[in-house]
Amino acid sequence: MGSVYADPRNSDFYLKQLNTPLSGEQAAMLIRLIEVQRWARPSEKEVLMNRFSWPIEGFGTPDRILGYSMPRAPQDAYFSLTTAGRTKYQLLQLKYLMDNNYWLGKAVGSAKPNVNEQDRLEMAIDLVDAIQVIHNHGLVYGDVSSNNMCGRLGVQPSVFLLDADSIVTP
């Protein structure tokens, strides 16, 4: 749990300031994620860095982590959403693809994103593949939710997962 801000040093990253600093085993787990380049094969590292909001750099000390940096979701994970007359660029969280009633709300002025059945299958397969990579390393994604999973509608549909700091060793 924490607050997320744009990284003033690099627009491709966000900073997460934790509400409560991490210490002990929780801090060690986050440090392990940050040190991904030491333990993951290059092909796996690419999946982790491109499919998750993977922790890149920690802030604080090894026994008291205050926050970390992570990559911004790719451009193809955003869509234009109009609600209450205001249009904003929004992450395409999977909740938007799962709840047809949302799009019937009076405040919603946008059409539901056009994601066909084949694109949905590609996203589901990509999700399973991404989760399998962390399972191969004895890790578990602890915050499975349609709020934390985003669809990417690039050339090949895929996913981007938020809250990678919830990935732990069970």
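The values are calculated or read from the model by the stated rules, or taken from the named source; none is laboratory data. Keep in mind it's a predicted model, so treat the numbers as computed, not measured. Note that we place each Cβ from the backbone using ideal geometry, even for glycine, and neighbour counts take in every protein chain shown. Areas reflect the complete protein model, heavy atoms only, side chains present, ligands, DNA and RNA absent. Shrake-Rupley method; radii C 1.70, N 1.55, O 1.52, S 1.80 Å.
In the range 86-170, the C-alpha radius of gyration followed by the widest Cα-Cα span (Dmax) gives 14.5, 46 angstrom.
Between Trp103 and Val128, what is the FRET efficiency for a Förster distance of 25 Å, r being their Cβ-Cβ separation, to the nearest 0.05? Could the numbers behind the result be given before it?
Values: r = 26 Å, r/R0 = 1.06.
With a Förster radius of 25 Å, E is 0.40.
Counting only protein chain heavy atoms and rolling a 1.4 Å probe, the accessible areas of Val155, Val133 rank, largest first, as Val155, Val133.
Axis angle, to the nearest 10 degrees, between helix 24-34 and the longest C-alpha principal axis of the chain: 70 degrees. In order along the range 55-60, the Karplus-derived 3J(HN,Hα) couplings, from 6.51 cos²θ - 1.76 cosθ + 1.60 at θ = phi - 60°, round to x, 9, 9, x, 10, x Hz, and Gly and Pro are given as x. Straight-line reach from Lys88: taking Cα to Cα under 18 Å and skipping same-chain neighbours fewer than 8 places apart, the aspartates and glutamates in range are Asp76.
Of all accessible surface on the range 64-120 at a 1.4 Å probe, what whole percent is carbon and sulfur? Present the calculation step by step, with values, prior to reporting the outcome.
Working: 1700 of 3440 Å².
Answer for the range 64-120: carbon and sulfur cover 49 percent of the accessible area.
Where both bridge residues fall in the chain, DSSP classifies roughly 95% of the beta bridges as antiparallel. Among the protein heavy atoms, those of Leu91 account for about 30 Å² of accessible surface (1.4 Å probe, every chain in place).
Leaving out ligands and nucleic acids, note down the accessible area per residue over the chain with a 1.4 angstrom probe, in whole Å². Numbers along the way, then the final one.
Numbers: 9680 Å² over 170 residues.
Here the per-residue accessible area is 57 Å².
Taking 0.36 nm per residue of sequence separation and removing the Cα-Cα distance, the Thr20/Gln156 pair yields an extension gain of 45.2 nm.
Measuring r between the beta carbons of Ile31 and Arg86 and using R0 = 41 Å, the FRET efficiency lands at 0.55.
Which is the longest run of the chain containing none of the trypsin sites (Lys or Arg not before Pro) found in DSSP loop states (not H, G, I, E, B) with at most 13 other C-beta atoms within 10 Å? Working shown, then result.
On the way: sites that count: Arg9, Lys106.
Longest run free of exposed loop sites: 10-105.
Mind checking the angle between helix 117-136 and the chain's longest principal axis? C-alpha axes, 0 to 90 degrees, to the nearest 10. So the inclination is approximately 10 degrees. The mean sequence separation of alpha-carbon pairs under 8 Å and at least six residues apart, normalised by the residue count of the range 50-97, gives a relative contact order of 24 percent.
Extension gain, Val4-Ala111: 0.36 nm per intervening residue step, less the Cα-Cα distance, totals 35.7 nm.
So what is the calculated 222 nm ellipticity per residue for the chain, using -39500 (n - 2.57) for each DSSP H run with n of 4 or more, over all residues, to the nearest 500 deg cm²/dmol? Walk me through the numbers on the way to the answer.
Details: 5 runs with 49 residues, N = 170.
Per the formula, -8500 deg cm²/dmol.
At the residue level, Val159 shows approximately 0 square angstrom of accessible surface with a 1.4 angstrom probe and all protein chains present. Across the range 1-136, Cα-Cα distances exceeding 23 Å account for 49% of all pairs.
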